[in-house]
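K.L.:
Pasting in a structure now, in structure tokens, and then I'll have a few things to ask.
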Amino acid sequence: MLFDVGRLLHEEFLAVYRAAAADADGWEDAAVAVAHRVGSRLRSAKVPVAHVVVALRSTDRLLTEAMLDDGGDARALAAAGTALTAELMSSFCAADDGLADAVLAGGAPDGAAAFYTVVSVRGALVDRVINAFRRHGTVLRASSGHLLLPVSETAALALCREVCLDIGGEVWLCVAERPAARVPLARKEVDEIDALVSSLGRPPGVYRIDDVLFESAMIQTPEVRDELDRVVAPLLANPVLVETVLALLEADGNRAVAVRKLFIHRSTIDYRLWQIEELTGLSPVNPRDLAVLGTAIGMSRANAWG
């Protein structure tokens, strides 16, 4: 099967690579048409996505090397390979969108995997993230923007970290795994994780419930929420002190790192931390108290934005 896929791609893509190497007009449109046609054919033949990915890489390498030997333009050839891959995978996976929506709604239609890891995306275009995932395997996209990976959460965490490296810049990915019939719970979980991560000002990266377990547990109890609101109220009236707490959280409690982030003197942060303790009764230099302050600020922001 792999040989047949590779031969098909070579035969179909050859003209596009030649046109791109020669910088001929219209090769981009030809790439879209060819990639969609081939992607639909491979999908209809139920070719495993892993075979498609491997064949795409091999075909791109072989055709690029051949065109370079003939004096082709390297930049144009790279653009051709990227365009063909993105368009083919878009067509190949086009039928998956309905499946993702059905699973997120609590159904288990034909073709569904036994379990999925749901991924929320923030800070980057979803299409760009999808293309990065597709270089590693199967990913389903729901109309809500959530992604479904038919792999365990452990494997998904590794994939998400690779995708973050591929994309670069600021992107937040939150993940949660459930059996197919309970995927709606995973969607709810990743949305809650993302809300906490956003409101707490956590840096870009990959997050799961364990990363915000303390905060998540605290906000589940109404009495605790009310108490936190009372404690944090005077702090919220001072944006400078809120910024100081968040900087200290991001620095994992390291005052020297927070000082550099805030561009202030060490004595200044010490005075601010004293003010925070006077206002709230919680000491930001105590890891547990700092976590409570961060949770209270995060809850307040989430309520204000929600």
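K.L.:
Set the Förster distance to 41 Å, then compute FRET efficiency between Ala78 and Lys46 from the Cβ-Cβ distance, nearest 0.05.
P.N.:
After rounding, the FRET efficiency stands at 0.85.
K.L.:
With a 1.4 Å probe and all protein chains left in place, how much of the accessible area of segment 130-170 comes from carbon and sulfur atoms, in whole percent?
P.N.:
Here it works out to 50 percent.
K.L.:
Here is a follow-up. Suppose all protein chains stay in the model; what accessible area per residue would a 1.4 Å probe give for the chain, in Å²?
P.N.:
Here the residues of the chain average 50 Å² of exposed surface.
K.L.:
Further question: What figure in square angstrom, to the nearest 10, would you give for the accessible area of Ser58 with a 1.4 Å probe?
P.N.:
Counting only protein heavy atoms, the figure is 40 Å².
K.L.:
Separate question: Using a ≥ b ≥ c from the Cα gyration tensor of segment 79-212 (square roots of the eigenvalues), is it rounded, prolate or oblate, where a/c under 1.5 gives rounded and otherwise the larger of a/b and b/c decides, a/b for prolate?
P.N.:
Oblate.
K.L.:
Also, I was wondering about something else. Provide the net charge surrounding Leu125, with neighbours chosen by a C-beta distance below 15 Å and charges set as Lys +1, Arg +1, Asp -1, Glu -1. Intermediate values should be presented prior to the final figure.
P.N.:
Numbers: positive: Arg122, Arg128, Arg134, Arg141; negative: Asp127, Asp166, Glu170.
Around Leu125, the surrounding residues sum to +1.
K.L.:
Quick check on segment 4-161: take the gyration tensor over C-alpha atoms, sort the square-rooted eigenvalues as a ≥ b ≥ c, and tell me if it's rounded (a/c under 1.5), prolate or oblate.
P.N.:
Here segment 4-161 falls in the prolate category.
K.L.:
Going by accessible area, probe 1.4 Å, with all protein chains left in place, what is the ranking of Thr138, Thr117, Thr82, largest first?
P.N.:
Most to least solvent-accessible, the answer reads Thr82, Thr138, Thr117.
K.L.:
Please report, as a whole percent, how much of the solvent-accessible surface of segment 10-61 comes from carbon and sulfur atoms (probe radius 1.4 Å).
P.N.:
Carbon and sulfur: 52 percent of the exposed surface of segment 10-61.
K.L.:
Is the shape of segment 200-306 best called rounded, prolate or oblate, per the rule: a/c under 1.5 gives rounded, else a/b larger than b/c gives prolate, else oblate, with a ≥ b ≥ c the square roots of the Cα gyration tensor eigenvalues?
P.N.:
Details: a/c = 1.85, a/b = 1.29, b/c = 1.44.
Since a/c reaches 1.5 but b/c is at least a/b, the shape of segment 200-306 is classed as oblate.
The values are calculated or read from the model by the stated rules, or taken from the named source; none is laboratory data. Nothing here was measured: the structure is a model prediction, and the numbers come from that model. Cβ sites come from the backbone with ideal geometry, for glycine too, and all protein chains shown count toward neighbours. The protein model used for the area step is the full one, side chains on, heavy atoms only, and it has no ligands, DNA or RNA in it. Shrake-Rupley method; radii C 1.70, N 1.55, O 1.52, S 1.80 Å.
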